[in-house]
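Working notes, beginning with the structure itself.
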Amino acid sequence: MAQNSAIEWTNATWNPLAGCTCVSEGCRNCYAMALAARLEAMGQEKYTGLTCKNVTGKAMWTGRIHFDASCLEKPLEWKAPQLIFVNSMSDLFHENATDDMVRAIWYVMRRAHWHTFQVLTKRPERMLDMITKLELPLLPNLWLGVSVENKAVVKRIDVLRKTPAALRFISFEPLIGAVGKVNLAGISWAIVGGESGPGARPMKEEWVDEIHAACTRYKTLFFFKQWGGVQKKKAGRLYKDQEWNDMPSPDYQKSV
Ligand code: SF4
């Protein structure tokens with residue numbers, strides 16, 4: 001949990017949950033999985049038992065979810081309004097996140113109404129089910145998003161479109177394949193980024209072009225995060241010779 005997050009499109013991260021399971025190709029080099037293993041090795045109890053080594057020695061999620069009650073109410077202590085990314089070390093709608101966990105986190109976001117929260121999931125079906133089943137209220141200060149890394153998971157966008165939200169967004173990161181002519185109706189914001197770090201899979205410019213064209217067509221704000229690669233700083237974040245930093249204003253949703 002940190003204010004001044006290094007993630008380009010948020011201000012702070014808040015991790016009331018930790019732990020996950022890989023669900024699609026975009027998870028293969030999950031940075032959170034590797035980081036959780038390092039944090040466990042450093043003795044951080046929150047990350048104990050969340051990963052184990054596979055036959056090649058790579059840390060893999062075990063599927064255990066840790067609910068960190070000690071940080072649940074942290075956003076209420078942050079007096080200045082922040083843009084807060086929820087659960088950078090997990091997925092709020094993981095199958096082992098219980099009703100009580102999701103409900104507790106949801107109602108802290110409601111109480112901390114001066115902040116804007118960003119929830120990003122690869123499990124939109126469970127998100128829609130839980131919002132419906134638990135009768136979770138629509139929060140004007142909550143943006144809901146899905147990750148889409150290639151064409152195989154584009155259907156996540158259709159589920160997101162059906163989900164009640166003040167604002168919907170897509171993270172096309174790590175973009176590891178073409179998504180085709182994607183429908184962005186009802187989607188306010190798109191983030192595009194290539195994979196970075198060891199074993200990073202390259203991103204082709206034509207895949208970015210398709211998404212950029214869709215953003216223009218549907219008036220979706222376009223944020224180009226990075227080309228990625230093993231040396232992401234060197235590859236930079238210029239697309240068509242410029243930076244693309246469009247994102248919704250935190251006040252955007254307050255009219256909802
Ligand atoms: S859903 Fe997110 S946190 Fe979970 S394994 Fe995939 S990339 Fe990692």
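A compact table of results
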| quantity | calculated |
| --- | --- |
| Only Lys, Arg (+1) and Asp, Glu (-1) charged, at Cβ; the chain dipole about Cα centre in debye | 220 |
| Label-point separation in nm, Ser70 to Lys181, each point 7 Å along Cα→Cβ | 5.4 |
| At R0 = 22 Å, FRET efficiency that the Cβ-Cβ distance of Tyr107 and Lys79 yields, to 0.05 | 0.70 |
| Virtual spin-label span in nm between Arg38 and Glu25, 7 Å along Cα→Cβ | 2.7 |
| Signed unit charges on C-beta, dipole axis of the chain, positive-most listed residue Ala34, Ala185, Leu120 | Ala185 |
| Extension gain from Asn54 to Glu135, taking 0.36 nm per residue of separation minus the Cα-Cα distance | 25.3 nm |
| Computed [θ] at 222 nm, helices only, for the chain once each DSSP H run of length n ≥ 4 contributes -39500 (n - 2.57) | -7000 deg cm²/dmol |
| Derived scalar couplings ³J(HN,Hα) [region 192-201; Karplus, 6.51 cos²θ - 1.76 cosθ + 1.60; whole Hz; x for Gly, Pro] | 10, x, x, 6, 10, x, x, x, 4, 8 |
| Within-14-Å neighbourhood charge of Lys225 [Cβ basis; K, R +1; D, E -1] | -3 |
| Cβ-defined net charge surrounding Ala6, 13 Å radius [Lys, Arg +1; Asp, Glu -1] | +2 |
| Peptides ranked, highest mean first, by Cβ atoms within 10 Å: ranges 145-152, 99-106 | 145-152, 99-106 |
| Relative contact order, percent, the chain [alpha-carbon distance under 8 Å, six or more residues apart] | 14 |
| Convex hull of Cα atoms in the chain, direction-averaged projection (nm²) | 13.3 |
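Values quoted throughout were computed directly from the atomic coordinates according to the rules given, and no laboratory measurement underlies them. Computed from a predicted model, the values in this text were never measured in an experiment. Every residue, glycine as well, gets a Cβ built from its backbone with ideal geometry; the counts of neighbours run over all protein chains shown.
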